[in-house]
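First the structure, in the form of structure tokens, and then the observations on it.
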Amino acid sequence: MAVVFWPLLSIALLAVADAHPLWRVRSAQLTGDFLSHTFYLTFNILGAALISWAGFRSGQRRRFWWPPTAALLTLLCVEGLKQSTRLPRPDGEPTGFPSGHTTLSFAVAGLLTRAFPRLAPLWYVSAISIGWSRVEGHAHFPYQVLVGAVIGTGISWGISYFLREGASGRV
């Protein structure tokens, strides 16, 4: 249930937050900068470590490959789309579509949800926060962040499906 509910709710909340600016003050910019850089790195590195640890602890050794596979697929999808579409960022640079930060964060949130389903709200609130920070920091347009969220969610679903344990399909 959490694997379907939380990604859909997160993407919907991200769409609402991007469509209606929450606050336009200096504190929002500072918060956005923190979420976009420090929190982004921390969330993804610790998330990868937690996923790998949970896999080894539970005997599901293939989960060790989930984080590097997510990073590689994110890199390939995001860079491929950026180079083929050349859609601009708010500053005019032609590498805005889709948001790589958001894509990786949603991929990690989806994989963390598979490993720790009870904490799904925490994982997706973190991913939403990172996505929001990319718009707040004027690094991306809202549609670029939303597409990144969808791609990241798809990557996590694909990884957890194709890299599942054994023939039984246990995840």
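Any read-out appearing in this document is the output of simple, stated calculations on the displayed coordinates, not a laboratory observation. Please read these numbers as outputs of a predicted model, since none were measured by experiment. Heads up, the Cβs are rebuilt from the backbone with ideal geometry, glycines too, and the neighbour counts pull from every protein chain shown.
Listing 113, 95 from fewest to most neighbouring C-beta atoms within 10 Å gives 95, 113. Local charge for residue 98 was computed over the other residues whose Cβ lies under 12 Å away, with Lys and Arg +1 and Asp and Glu -1, and equals +2. Ranked by how many other Cβ atoms sit within 10 Å of their own Cβ, fewest first, the residues 33, 91 fall in the order 91, 33.
The 3J(HN,Hα) values that the Karplus relation (6.51, -1.76, 1.60; θ = phi - 60°) gives for region 135-145 are, in residue order, 6, 4, x, 6, 8, 8, 7, x, 5, 5, 6 Hz. Gly and Pro appear as x. Overall shape: oblate for region 32-72, with the ratio a/c of the largest to smallest alpha carbon gyration tensor axis at 1.5 or above and b/c at least equal to a/b. The amide H of residue 99, built 1.01 Å from its N in the peptide plane, has 145, 148 as neighbours under 5 Å, considering only residues 5 or more places off or on other chains.
The phi torsions of region 74-81, fed into the Karplus equation with coefficients 6.51, -1.76 and 1.60 and a -60° offset, translate into couplings of 4, 4, 5, 5, 5, 5, x, 5 Hz, rounded to whole numbers, with Gly and Pro shown as x.
In nanometres, what is the gap between the two model label sites at residue 46 and residue 61, each 7 Å from Cα along Cα-to-Cβ? Roughly 3.0 nm, to one decimal. Working from Cα pairs under 8 Å separated by at least six residues, relative contact order for region 98-144 is 45 percent. Placing unit charges on the Cβ atoms only, positive for Lys and Arg and negative for Asp and Glu, gives region 63-171 a dipole magnitude near 360 debye about its Cα centre.
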